[in-house]
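Just so it is clear, none of the values below were taken in a lab; they were calculated from the coordinates. On a predicted model such as this, the values are computed, not experimentally measured, just so you know. All Cβ positions, even for glycine, are placed from backbone atoms using ideal geometry, and neighbour counts span all protein chains on display.
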């Protein structure tokens, strides 16, 4: 068996729905879009969060104070080489930030 001989399992794929191809298809005339309105027009796509003119949920909810710069409040991380850790703490059980500072890491 080679790569080009592989096929999907039976029933794993479906044919796409062909809309606007006549009444006999069951998806003719309005092509599953319904009648008048914004969704019927060509190029219909609304931005994410749009609620039809109503004030969107994201704008209705209060925002956390100072959340415009959240990274300022996250803990600061420092990279430490595992080899240097092994050298500094050969037989110790607990490795704490204070011990690491004491040993120059």
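Restricting the search to region 25-51, which residues are over 25 Å from residue 15 (Cα atoms) and part of a helix (DSSP H, G or I)? Reasoning before the result, please.
So the first thing to find is which residues in region 25-51 are over 25 Å from residue 15 (Cα atoms), and the list is 35-38, 41, 46-51.
If the condition is that a residue be over 25 Å from residue 15 (Cα atoms) and part of a helix (DSSP H, G or I), then 38 is the only one that fits.
Entry remark, region 1-24: residues being assigned to a loop (DSSP other than H, G, I, E, B) and loosely packed, with under 10 Cβ neighbours inside 10 Å number 13 in total. Residues of region 14-36 that are closer than 22 Å to residue 52 by Cα and under 30 Å from the mean Cα position of the chain (by Cα): 32, 33. In the set (1) assigned to a loop (DSSP other than H, G, I, E, B); (2) surrounded by 10 or more Cβ atoms within 10 Å (Cβ to Cβ), the condition left unmet by residue 62 is number (2). Can you tell me which of (1) out of contact with any helix residue (DSSP H, G or I) (no Cβ under 7 Å at 6 or more places or on another chain); (2) more than 30 Å from residue 105 (Cα to Cα); (3) exposed (fewer than 10 other Cβ atoms within 10 Å of the Cβ) is the one residue 46 doesn't meet? That leaves (3) as the condition not met.
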